[in-house]
Number of protein chains: 2
Amino acid sequence: MNKAWEQLVERVSELEDIVSAIKLASYDQEVFMPPKGGPARAKILATMSAIAHDRLKNPAIGEILLELEHDDSLTPLQGASVRVLRRDFDKATKLPEKLVRELAELEAQAYQAWTQARPQNDFSQLQPFLERMIELKKQQADTIGWTEERYDALLDDFEPGMLTSEVEVMFGELEAKLRPIVQPIIDAAGERPALLSLSYDRPTQEEFSAWLVGRVGFDFEGGRLDTSPHPFTSEVSQGDVRQTIRSEETAIMMSIYSGMHETGHALYEQGIPDEFRRLPVGQVPSLGMHESQSRLWENQVGRSRPFSEFILAHLAERFPEQLRGVGTEEFYRAVNHPSRSLIRVAADELTYNLHVALRFELEVAMFRDELEVKDLPGAWNEATEKWVGITPPSDADGVLQDMHWSIGAFGYFPTYSLGTLYAAALFDRAKKDLGNLNDELREGDTSRVLGWLQDNFYSQGYLYPAKELMTKILGEPPTATPFVNYLRSKYEDLYGIKL
Amino acid sequence: MNKAWEQLVERVSELEDIVSAIKLASYDQEVFMPPKGGPARAKILATMSAIAHDRLKNPAIGEILLELEHDDSLTPLQGASVRVLRRDFDKATKLPEKLVRELAELEAQAYQAWTQARPQNDFSQLQPFLERMIELKKQQADTIGWTEERYDALLDDFEPGMLTSEVEVMFGELEAKLRPIVQPIIDAAGERPALLSLSYDRPTQEEFSAWLVGRVGFDFEGGRLDTSPHPFTSEVSQGDVRQTIRSEETAIMMSIYSGMHETGHALYEQGIPDEFRRLPVGQVPSLGMHESQSRLWENQVGRSRPFSEFILAHLAERFPEQLRGVGTEEFYRAVNHPSRSLIRVAADELTYNLHVALRFELEVAMFRDELEVKDLPGAWNEATEKWVGITPPSDADGVLQDMHWSIGAFGYFPTYSLGTLYAAALFDRAKKDLGNLNDELREGDTSRVLGWLQDNFYSQGYLYPAKELMTKILGEPPTATPFVNYLRSKYEDLYGIKL
């Protein structure tokens, strides 16, 4: 065995352990921690993150990488691990300490400003922090380097290798094909079905969600399902993948579909091969890839006609009073009911990506120096009118609705929609390979879908960059076409309309 | 501000953060972790412990300590912190790496052997590991150094500053005064009350326990209460003190008194002053001191006549069927029902300390080279007959019943009984200061007791070594007398006997 490789394994294993402890402390913070533990927890996380960062930046890792990069006897797994670690090492070492510290401080201040600006509907409180944030993020992009334009460097943090111009092509297609069909679909959908707002006992909702995610394949021996205000998934370590759901008494779909969504993330993490774990190649290649699985399980599977029939059958056993006499078609329409929303996180499958596209457009304009922060509220409202078709009545429900920009998460939003596009493309491909899935999904049997994803997708870990893996699986680079076609045919069928 | 002190604070704060992450990962392992997370968790804990140990051993800490030890301008808090850190630093640096590693490996092997030896009732499987363990522990004691005899060094790990000879005096008094009264009390107690073994719904038991510990003062804003097979308490960080209870359907007292016991530990941790936290002086001075609080709240308060009346009143609301017609005296007798038991962890307040005393006697004999490991099973049975008054029918229920020796925890058992003795002495002192507590305890009002402990005990943190603090509070060094007197008068009163 190669000595440099052994050294690499030892160092990354140790790093993996430290990062696991951080992920556990973060999960616990959201789910279990008592309120008074907050200040100490912030210190624990800061200390642990500094330790992890220091170890990643260790010059010895640079030397090991150099040696392995000149070694042509590496296996594909080793080669990919070296490539991934090089990326992480360079990102950790290239940025000057001063910039890292200034960014961390600014993020804390700007987030604090946002928490006050939003309830007071006062963008001017956030503006100076956001202006400085854009300056620092530009510095960061220029220090790290980029391919065609600055924004590439920001995107690369979340979707490695993806270029702004490529996203523009995909989102352009999305815009061109999606915007014209939104109004006809909403007109056809009509009133919000009453069953969506009835009262459903929360413990029973949560029991159902836990049963459902187990049914589609989440392994409770190697994970947990808890509740938290903002559902999320965390791979704490090998054999310990945790997800949370949220339930509200008068929003039955929230617990069901937050569970299906997070289970998509969780199945992906549980599907990474054991031998990849504790190595750089055990990571998921990009946030878009991760989101593709949450969207695939939530929407492509979970909101399909046959699977919604399965859900109804078992949900009605638990809520006979509320769901007595509800037919399969009525329920299928309810789980897919579209409407225009001011708020991204409340948006449905039809309009969600329009919210993302508008953020992407504004972000890119700022990093191309075509839009100044002071003009952001107006630009936001114009873009919302253009993309979503409504105008926010206030900045609180407009430019101030998300906290992401306050913590410097530029380049992050597009991955939500990339995931959606990937999901549709992957499910299309799976159906071509597997044939008709309707009968099995109607029985809640997702084993062939999971098996296909396991074999083609989860088992690959980070052997290939996202775009390369997608292209291998699809036989062509991903586009917006499968997603738009999926939506078109779903709603044509659902409401008997021609789009 | 003193520069060396600032450096010390910075280093110990960072260490505190790392230790908090370890404590959280350990708590989670017992309470929340899914089964498949076990192997990775062991690695995480090993890596994190190594990091903490490395940082504690850093020579820079030795230099800072030297400087502060020659500084006569330190405040009491600073002086105590330097003294405590010196202890920890010396213990971490004195032992050679080789011995530390060999001990860690042997502990894992011996524990593994114990898990097989006990079900097979075969001491010979454990014997060679235990022989090596005694050898290494002798080396450890000799390397660290001791005052009067080797066992002092082992005791010092858990009860800093306490000497074997001092424990012998206390346990000698315990033996002389306790053994003669055990049989008369057991005879007077008669049959086990039937209400102890009725069936009680577990969720209701757990709800009651949570209510009860909140009532006596556990702060849920700064802590949690969960369930686990072995109840324990962990101070994860400032503002985050967690305890677990255990419930069994046909053992109602288990959930109630495991909750009162752990709450004693938790109240102590929650009572350490905020300004001591993140400093060495924020630790509890000894395991015996810690145990004094669990015993005080479980027994002195929890099993008192007035408080048992309070428990009954509220328990009967939840379990009207099982507790209908049960009188306060009947219930008081039930919570105090004594019996001889083979197993320490199943023993009651009357006989528990006899189990501890026999282990102490055997441990000391081994470290004085007066007893060989091969003769341990016979010696165990003789000692059990002598101390507890029964002979184990098998090694599984005898010398193999506890796992502690397999993991090298010699010097640990005595702290259980020291805690019991301290508890009785402290509660005696409190009653002298506070006067009659019966009326308030009958109402479940423990605020004056908690206030007294807070002012005199919890607020002191580790400003003084255990014995010094006890002596300050009691006005004299602790002895076994208050505990024996407490038991004597309790059972005389309970059964109308003269002991």
Filter the range B:379-438 down to the residues that are among the acidic types (Asp, Glu) and assigned to a helix (DSSP H, G or I), then identify the one that is modelled with the lowest pLDDT.
-> B:385
Could you please let me know if residue B:84 is under 27 Å from the mean Cα position of the chain (by Cα), within 14 Å of chain A (Cβ to nearest Cβ) and not polar (S, T, N, Q)?
-> no
Inspect all residues belonging to the range B:330-345 and state whether any of them is more than 27 Å from the chain's Cα centre (by Cα) and open to solvent by 10 Å² or more (accessible area, probe 1.4 Å).
-> yes
Could you check residue B:49 against (1) at the interface with chain A (Cβ under 10 Å from one of its Cβ atoms); (2) open to solvent by 50 Å² or more (accessible area, probe 1.4 Å); (3) at pLDDT below 95 and say which number it fails?
-> (1)
Within the range B:15-37, work out how many residues are surrounded by fewer than 20 Cβ atoms within 10 Å (Cβ to Cβ), part of a helix (DSSP H, G or I) and facing another protein chain (nearest Cβ under 7 Å).
-> 2
Hits in the range B:439-474 (condition: open to solvent by less than 70 Å² (accessible area, probe 1.4 Å), assigned to a loop (DSSP other than H, G, I, E, B) and farther than 21 Å from residue B:82 by Cα) = B:444, B:445, B:446
Residues in the range B:405-418 that are open to solvent by 10 Å² or more (accessible area, probe 1.4 Å) and either under 11 Å from residue B:356 (Cα atoms) or touching a Gly at 6+ places or on another chain (Cβ under 7 Å) (or both): how many?
-> 2
From B:60, B:40, B:4, residue being more than 9 Å from every other protein chain (Cβ to nearest Cβ) and surrounded by 14 or more Cβ atoms within 10 Å (Cβ to Cβ) | B:4
What about residue A:92, is it small (Gly, Ala, Ser) and more than 30 Å from residue A:12 (Cα to Cα)?
-> no
Within the range B:363-376, residues surrounded by fewer than 19 Cβ atoms within 10 Å (Cβ to Cβ) and assigned to a helix (DSSP H, G or I) come out as B:365, B:374, B:375
Does at least one position in the range A:419-434 carry a residue that is over 18 Å from residue A:292 (Cβ atoms) and either among the aromatic types (Phe, Trp, Tyr) or open to solvent by less than 20 Å² (accessible area, probe 1.4 Å) (or both)?
-> no
Failed item, numbered, when residue B:447 is tested on (1) closer than 24 Å to residue B:309 by Cα; (2) among the small types (Gly, Ala, Ser); (3) touching a Leu at 6+ places or on another chain (Cβ under 9 Å) = (3)
Quick one: would you say residue A:12 is surrounded by 17 or more Cβ atoms within 10 Å (Cβ to Cβ), within 14 Å of chain B (Cβ to nearest Cβ) and either at pLDDT 95 or above or within 24 Å of residue A:461 (Cβ to Cβ) (or both)?
-> yes
With (1) over 25 Å from residue B:345 (Cα atoms); (2) away from chain A (no Cβ under 14 Å); (3) assigned to a helix (DSSP H, G or I) as the list, and residue B:186 as the residue in question, which single condition is left unmet?
-> (1)
If you go through the range B:316-325 one residue at a time, do you hit one that is under 24 Å from the mean Cα position of the chain (by Cα), touching a residue at least 12 places away in the same chain (Cβ under 8 Å) and part of a helix (DSSP H, G or I)?
-> no
List every residue pair whose Cβ atoms sit under 8 Å apart, with the two residues 6 or more apart in sequence or on different chains, where the first one lies in the range B:37-51 and is closer than 18 Å to residue A:234 by Cα and the second, anywhere, is buried (at least 17 other Cβ atoms within 10 Å of the Cβ) and hydroxyl-bearing (Ser, Thr, Tyr).
-> B:37/A:237; B:40/A:20; B:40/A:237; B:41/A:237; B:44/A:20; B:44/A:237
Over the range B:242-292, the set of residues in a loop (DSSP other than H, G, I, E, B), away from chain A (no Cβ under 14 Å) and β-branched (Val, Ile, Thr) is B:250, B:284
In the set B:72, B:90, B:54, which member is within 14 Å of chain A (Cβ to nearest Cβ), surrounded by fewer than 16 Cβ atoms within 10 Å (Cβ to Cβ) and acidic (Asp, Glu)?
-> B:54
Restricting the range A:208-225 to residues that are in a helix (DSSP H, G or I) and more than 14 Å from chain B (Cβ to nearest Cβ), the residue that is surrounded by the most Cβ atoms within 10 Å (Cβ to Cβ) = A:209
Quickly run through the range B:232-255 and pick out the residues that are under 13 Å from residue B:206 (Cβ atoms), crowded, with 23+ Cβ neighbours inside 10 Å and not polar (S, T, N, Q).
-> B:245, B:252
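The values are calculated or read from the model by the stated rules, or taken from the named source; none is laboratory data. These numbers come from a predicted model, not from an experiment. Note that we place each Cβ from the backbone using ideal geometry, even for glycine, and neighbour counts take in every protein chain shown. Accessible surface is based on the protein model in full, side chains and every heavy atom, while ligands, DNA and RNA are left aside. Shrake-Rupley method; radii C 1.70, N 1.55, O 1.52, S 1.80 Å.
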